[in-house]
Amino acid sequence: MLNGRESLIRLVGKRRHFLRNRQSLLSDPFATHNDSIEDTEAEKLVDSKEATEFGSESGSSEKLVTCPVCGHKVSGDHNDINSHLDACLSRGTKRKLTQQTLLQSNFWSQPKISSSELEPSGKNVSGRGSDKSLVHNAVPGLPDFGAAEENVISMCQSSRKLESDMQTHIDDSSENPVNEYWINYSTDTTQQLSPKNEVPKGDMDVTMDEICGVTLETYIVGRRFSDEKKLLLGASISLLRDPNNDKDPNAIKVVSADSGCSKSLGFIPRELAQCLSPLIEKCCLNFEGHVCSIPKHPFDCVPIQIACRKSVFHGEKESEVLEDFNCLWKVAKLVVESAKNYPLSMTKYQQNFCVLIREVLRSNPHLFSEDEKIFMESFTSLSNDSQRIFIRLYTRKGPWFRMSNISYAEVLDPQEAVKGLSAAGYVCLFEDADESDYNEIKEMLNLLTVCELRDISCKLKKNCNSGTRKKDLIEALLSLHKNGLCPKLPSVVLEKTGVCVQISSQAESLIWRAERLFFLNGEQDLSTFLLVDLGIVKYPTYNCIISEQIFSGRDDLLAYEEAIEVAQLMDQALDGNNAEVLLRLIKIADSRISSSSMKAINSSTSESAPKFLLYFSALWVYSKVVSLGVSFLEREHRYNDAINLLKRLLSCFTFDGRRGYWTLRLSINLEHIGYLNESLAVAEDGLQDPWVRAGSRMALQKRILRLGKPPRRWKTPSFSASIKRKITEVHVQGRPLNCEIGMKNRFYGEDGEQCGVEQLALQYYAGEGGGWQGVHTESGIWLTIFGLLMWDIIFSDAPNVFRTRFQTAPLDLETDSFYLMRKSCIESQLQKIHDGMAEEILIMSWECHVGTACRGVNWNRHSLTELRAAVSCIGGPCLASLCRHLAQDYRSWSSGMPDLLLWRFNQEYRGEAKLVEVKGPRDRLSEQQRAWLLFLMDCGFNTEVCKVSPVQMSV
């Protein structure tokens, strides 16, 4: 696979069937960047209207809002608001501000919120104190997926500080101009808690005695897992904790109270269980109730009413939990109220889809035209069957689906559902053969089976022996149709398939955009919700502090979408080995980069700008396309073209971690065409570049030593001695199973079983090699140890790096800003590791977060026992040095680590560790691996290279 291909595939994600710019990209003459995203006249009018209405609730360009600083009326435009605020606050003459002034005035374009809805900042690992931006603990409209019980209690404990923190935020506004994008984030499943987004009445502090008898309306879920399938109207029920539930540690069963056997009827919803489970356990409350109605389907949600029954406290227990009680009870009531926004008939995947659409429209209204907003909002007005059919079809491969094959248990009438979707513009129907084109016929043929294709061939009296493979049959029919020899093919195909359905281009484009804005990557989609709902994946808890938009305007988003289209077409062209299209796309990407103004390039690639924001720019996508194009051109031996592209990348992206790879390839390609002096000069200049690191830096140093011999260079470089250091080597012999070139080496192990070179080396070190224990891990165990030791740092409060509830790491983890923004708390943690507290931190982190997704952490591959042994044997100083290196440059150093981590214990519980890179016959160290070994040697690690070779057979 070409270098950069895998990264491009992850960036593109699910391939789209409709690409808005496909025709212009593949056929039209090259256009400038602005031309490529030019809207139609109708869209221009909409955008013009949108620009006038932006920031105004009523849509009037004359809408004015009151400045909370000076009290004057200003335009409702966001740019005008920010400019006016900057000017007001910079004068230092402001009237007294209160929390109500900022949050309840008609000033922000976001919905008004009340202070009781704001999420507290919670634990502040970085020690920065009160943050200057509102701290949000969950994305609005989203459940706090996988949040543990202690997270809710922690939120309650910190809520008492919220008012003072808010006042501090306002009082400090003179030093920090208010130009942030404020979003109301709630801990609840759905952010729209009541029609006016206010806390329901009656949420004043209450005592435990006062809530006795207060009813909560909820429902029973998970009926398919119940012991009792038959329900009676008015049947008595009670709640029972289920702490050993594998899917949810906060699970609460609903059990029948009418019979002495207490049969399980199901569970209460996960979001409500998260609040009630600590009330049941810590506040000693009991809940009883009854069934309100019986659903038609035995597995549907069952409406119930439950009421609180207080238990007797013992000793001082009541005073210990009373402080948390009020917050827990309020959150529980908010969850109950918010659940009323969704009818019981709505399936979970419908709710998830609606949450995604609503959140994207709420957070990014400036990225959609008015027509697009109306179209997406119309989804909720569709019937349940139509919504379910659309979501089901959207998540399938497609693009076409036979109506005769569309059948789902939860859809009562698929035919009517599809008609409703067609009328609303969400799907297209193929029911008229006369209006079909060549591509549609090709896609229709792919829906047919081999038998059906052969029947069509025979019916048309064409060659019925064109092959038995589906691909051959389709190509034969298409060839006949294209040559005009089979004009009846469309009607015959339609007769065989029946009416077919396809997601419309508008619906696919807008839902794709919503998914990309929601998840911010191409690897996650609606199935992410499902994994969470099933308890397969649990995401960590963190605070989302958002003060800056990913896409500042609609033009930026459209440019990014066009760049993603280019990347997808590039990937498809590589699949088809279409060199002509590949070269065209490379040229398009290069022209987009070169035509971008230097101001745009400098602003997006400057050292001061947040590096991770560049990942969401069109320039970044085009740079990946061009970088992949360099690999393609090198494979085709078109070194001059590759050199030109590399020079373009190096000149435009001056603050980029990929500069090391680009510089190395430029030096190598110059050598290919015989420009040795230039190749040497490029390598020497590369060593002066601070962005050339790790293996790329070592590779350039080796090139300089090789190319820089007299008479080109007379002086020996200062790094010569370091680069030539010897690494200890150990030689192991084994009986080979195969040692063929291009195949993975296989040997017979000491037990006679087949194994790889790494397993053979482990057996050697466990025996005559010194009695070592160990694992074959490469980077895995190190990234796991780093993630566990630095967990609180990774998920500490930082602005703009956490934006969704489905992140496994902050957006800046692979940038230099990760270390710089958290330097004080990172160094504090590293000092603890250096002082020998690593094992204690590791155990606490494991017990608190086991099973929670985190970048680099593999819970299944390594046991806690292995990790503890490794950490204790490595020692604090070495471990602190390694963690510091990863924190400073995670991207460069997260690969290439030694294959084996070995350890053994000596007397008095003291141990030692060894790191081994294993190489088979004809294998050699990569520059990244050598860089790691030399760095580990500098840190004090015991390292060596184990070379496995076949046993010499005697003649």
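The values are calculated or read from the model by the stated rules, or taken from the named source; none is laboratory data. Bear in mind the structure is a predicted one, so any value in this text is a computation, not a measurement. Neighbour counts are summed over all protein chains in view; Cβ atoms, including those assigned to glycine, are modelled from backbone coordinates with ideal geometry. To get the accessible areas, we keep the full protein, side chains included, count just its heavy atoms, and leave off ligands, DNA and RNA. Shrake-Rupley method; radii C 1.70, N 1.55, O 1.52, S 1.80 Å.
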Once you charge only the Cβ atoms, +1 for Lys and Arg and -1 for Asp and Glu, what is the size of the charge dipole of the stretch 537-724 about its Cα centre, to the nearest 20 debye? 1100 debye
At 0.36 nm per residue, and after removing the present C-alpha to C-alpha distance, how many nm does the segment from D437 to C292 gain when stretched out fully? 46.7 nm
Over the Cα atoms, compute the radius of gyration (one decimal) and Dmax (the largest Cα-Cα distance, rounded to a whole number) for the stretch 714-770, in Å. 17.4, 55
Using packing as a proxy for protection, rank 267-279, 920-932, 551-563 so that the peptide with the highest average count of other Cβ atoms within 10 Å comes first. 267-279, 551-563, 920-932
Length released on extending from L737 to K471, taking residue separation times 0.36 nm less the Cα-Cα span: 91.9 nm
Would you compute, for the Cα atoms of the stretch 349-534, the largest minus smallest coordinate along each principal axis and list the three values in descending order, in whole Å? 58, 34, 32
Hey, what's the stretch 368-485 come to in accessible area per residue, 1.4 Å probe, Å²? 54 Å²
Quick one: of K624/K709; K247/K373; K538/K947; K702/K947; K624/K724, which pairs are farther than 29 Å apart, Cα to Cα? K624/K709; K247/K373; K538/K947; K624/K724
Sequence-distant or interchain residues sharing an amide H contact under 5 Å with C544, placed H: which? H136, N137, A138
If I take R0 = 51 Å and measure r between the Cβ atoms of R20 and D689 in this structure, what FRET efficiency does the formula 1/(1 + (r/R0)^6) give, to the nearest 0.05? 0.85
Expressed in nanometres to one decimal, the distance between label points 7 Å along Cα→Cβ at I727 and D371 is 6.0 nm
If packing is taken as the mean number of other Cβ atoms within 10 Å per residue, what is the order of 539-545, 405-411, 844-850, highest first? 539-545, 844-850, 405-411
Grab the Cα-Cα distance for D835 and D413, subtract it from 0.36 nm times how many residues apart they are, and report the gain in nm with one decimal. 145.2 nm
Scale the Cα Rg of the stretch 812-881 by the rule-of-thumb value 2.2 N^0.38 Å and send over the ratio, two decimals. 1.19
Let me check I have the definition right: for the stretch 864-917, take the eigenvalues of the Cα gyration tensor, multiply each by 5, take square roots. What are those semi-axes in whole Å, largest first? 23, 13, 9
Given charges at beta-carbon only (K, R positive; D, E negative), |dipole| of the stretch 349-534 in Debye: 800 debye
Accessible carbon and sulfur surface of the stretch 537-724 relative to its total accessible area, %, 1.4 Å: 51 percent
Sort largest first and round to whole Å: the equivalent ellipsoid semi-axes of the stretch 537-724, each the square root of five times a Cα gyration tensor eigenvalue. 33, 23, 15
Over the stretch 728-950 - Rg/Rh using Cα atoms and the Kirkwood inverse-distance radius: 1.00
Quick one: which of K397/K459; K229/K263; K14/K611; K823/K914 span more than 19 angstrom between C-alpha atoms? K397/K459; K14/K611; K823/K914
Restricting everything to alpha-carbon atoms, can you work out Rg to Rh for the stretch 862-955 with a Kirkwood hydrodynamic radius? 1.05
R0 of 25 Å, Cβ-Cβ distance K709-S594: FRET efficiency to nearest 0.05: 0.10
Quick check: pseudo-label points 7 Å beyond the Cα along Cα→Cβ at S236 and R402, how many nm apart are they? 5.6 nm
Quick check on packing: order 429-436, 690-697 by the mean number of other C-beta atoms within 10 Å, highest mean leading. 690-697, 429-436
Stokes-Einstein diffusion coefficient for the stretch 789-913 at 10 °C in a medium of 1.306 mPa s, Rh from the Kirkwood formula over Cα pairs: what value in µm²/s? 102 µm²/s
For the stretch 537-724: accessible area per residue (Å², 1.4 Å): 41 Å²
